[in-house]
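Worksheet: the structure to be examined is printed underneath.
Please treat every number below as a calculation from the coordinates, not as lab data. Here the structure is a predicted model, which is why all the values come from computation and not from measurement. Here the Cβ is made from the backbone with ideal geometry for all residues, glycine too, and neighbour counts use every protein chain on show.
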Amino acid sequence: MQKSPAPRANWATRFGFILAAAGSAIGLGNIWKFPYIAGQHGGGAFVLVYLACITLVGIPIMMAELAIGRQGQRDAVGSFVALEGPGSPWCLVGWGSVIAAFILLSFYAVVAGWSFDYLLKAASGGLRNRSPGEIEALFDQLVASPGRVIFWQALFLTANVAIVLGGIRTGIERWSKILMPALFALLLLLFIQGMRSDGGGQALAFLFRPDFSRLTPRALLDALGHAFFTLSLGAGVMITYASYLEPEADIRALSLRIAVLDTVVALVAALTIFSVAFSANLEAGAGPGLVFKTLPILLLRLPFGSLLALLFFLLLAFAALSSSISMLEVVVAYLIDEKGWSRRLATILVGFAVFLLGLPSALSFSLWQDVRPFFGHTFFEAFDALVSSWLLPLAGLFVALYVGWFWGSKRPNKTLPGGSLQGGLSAGWQLLLRFVAPAAVILILLNQLGLLPSG
Ligand code: TRP
């Protein structure tokens, strides 16, 4: 190919990169999912296991993804091509990641759309003067209304397209610099309100006083799987975002910062939600309905309740948006770098394709709730399982194996991930990446195949 290389986009600042990558990591997984799984598994002990999974498995794999992108300087597929040549089987890992990001965005946008609907409800006073039963019913009514769900899904994707159209600096980075500080401020405000309520002390004890009798093998596997999801691993996000970094970037320091931000937000969100739940004498293990059904009821009982509900759903929408733009960027970057498309064409077409692919998921709670072509699962459940349980862990496993074993052995001390091109991973991280992380992911996969006794 004789194309003269166009100057490649890059981040304006290191800080901008951290906010964008943390924005990807901090999403529905932190605000919606972490609190409810931590609640279901009894709090403290689960939190410890989760922290161990982030440190021992998540951070090493994040470093590996960042190393691939920083070195490859291309999208998730192209970086493998750049490093290993076009015919290499490792390119399949890149492919799997791009497909994972594409499918993930299709149903993530549906759930994110729900948060838009609640935002409107909260802003228009639609939550006020309702009994708890009525508020709970609102959620069931929403997901059962195909037109409304699709409208919000489309609107959410339009916002994504609008941001990603702007490119790296003026799109993703600029918006991350707006969304993330706003998100931190909103969370802090809600957190303070939560801690001042009667349930504050109880929430702290629940989350930080481990009760190891509650720890089950299931909890361990959930912690592992969630560590993966919450750090946005296995879908090419970190590869793609790191490809806009300069080759000197210190990925060890960067990955630690991203992981710390993500973890702090998850813990603070959980504390906030539990404090509100405990102040109403509610169980912490309320499950997936916690955020959409239970939480609005609880927030509305507090002083300035309507305002708090509004702020909470704004928080949820911001978190979802800063995550979903990273998924869109993975696919868009692939089309730009590998197929030579313009950003404009790639973004608009992918946005539309994702919308179409998401329709079956949007309808999975209404018109198509009885369409269950996949082992009795709806489209939504099947897409979620395919991506979260298979594609992401598999891609992560091969990323770990690639950087841990293959890459380093071929180019000793030149391209190992570290502060500089010369600096390698310290022996400790190397050990985690080579043995601990792959073993852990294989454990997740075996469990899913039903090959582990815990089921
Ligand atoms: N980490 C995000 C969350 O917690 C979700 C997410 C964004 C993601 N990009 C991803 C998950 C890529 C896996 C892969 O909600």
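When you work out D = kT/(6 pi eta Rh) for the chain at 37 °C and 0.692 mPa s, using the Kirkwood radius from C-alpha pairs as Rh and the Stokes-Einstein form, the result is 148 µm²/s. The mean sequence distance of close C-alpha pairs (under 8 Å, at least 6 residues apart), as a share of the length of the range 2-104, puts its relative contact order at 11 percent. When the Debye formula is applied to the Cα atoms of the range 16-149, each taken as the same point scatterer, what base-10 log of I(q)/I(0) results at q = 0.16, 0.18 Å⁻¹? Results for the range 16-149 at q = 0.16, 0.18 Å⁻¹ read -1.06, -1.16. Taking trypsin sites (Lys or Arg not before Pro) as candidate sites, keep only those in a DSSP loop with at most 14 other Cβ atoms within 10 Å, then name the longest stretch of the chain containing none of them. Looking at the chain, 129-413 is the longest stretch - no exposed trypsin sites (Lys or Arg not before Pro) with at most 14 other Cβ atoms within 10 Å. By other beta-carbon atoms within 10 Å, ranking M238, M195 with the fewest at the front produces M195, M238. Considering only GluC sites (Glu not before Pro) in DSSP loops that have at most 14 other Cβ atoms within 10 Å, the longest stretch of the chain without any of them is 1-247. On the basis of the beta-carbon distance and an R0 of 56 Å, A185 and L451 show a calculated FRET efficiency of 0.75. Taking a ≥ b ≥ c as the square roots of the eigenvalues of the Cα gyration tensor, an a/c ratio of 1.5 or more together with a/b no larger than b/c marks the range 165-324 as oblate. The local environment of A385, defined by Cβ-Cβ distances under 15 Å, has a net charge of -1 under the rule Lys, Arg +1 and Asp, Glu -1.
For the range 159-191, the residues whose amide N sits under 17 Å from a probe point set 7 Å from the Cα of L120 along the beta carbon direction are 159-160. Setting aside same-chain residues fewer than 8 positions from K339, which aspartates and glutamates have a Cα under 13 Å from its Cα? Partners found: D75. Suppose R0 equals 22 Å; then what is the FRET efficiency for L48 and A205 from their Cβ-Cβ distance, rounded to the nearest 0.05? The calculated FRET efficiency here is 0.95.
For F435 and R8, a Förster radius of 41 Å and the Cβ-Cβ distance give a FRET efficiency of 0.70, rounded to the nearest 0.05. Site-free segments of the chain were taken between chymotrypsin sites (Phe, Trp or Tyr not before Pro) in DSSP loops having at most 15 other Cβ atoms within 10 Å, sites themselves excluded; the longest one is 1-303.
Note: relative contact order over the chain, using C-alpha pairs below 8 Å and six or more positions apart, is 33 percent. When L254, L19 are arranged by Cβ crowding within 10 Å, least crowded first, meaning fewest neighbours, the order is L254, L19. Span-like helix check, the chain: qualifying full DSSP H segments, with Cα axial length of 15 Å or more and mean Kyte-Doolittle of 0.0 or more, are 14-25, 59-72, 91-123, 132-143, 146-165, 174-196, 217-230, 251-279, 305-339, 343-362, 437-448. Compared with the alpha-carbon gap, the fully stretched path from H377 to L56 is longer by 112.3 nm at 0.36 nm per residue.
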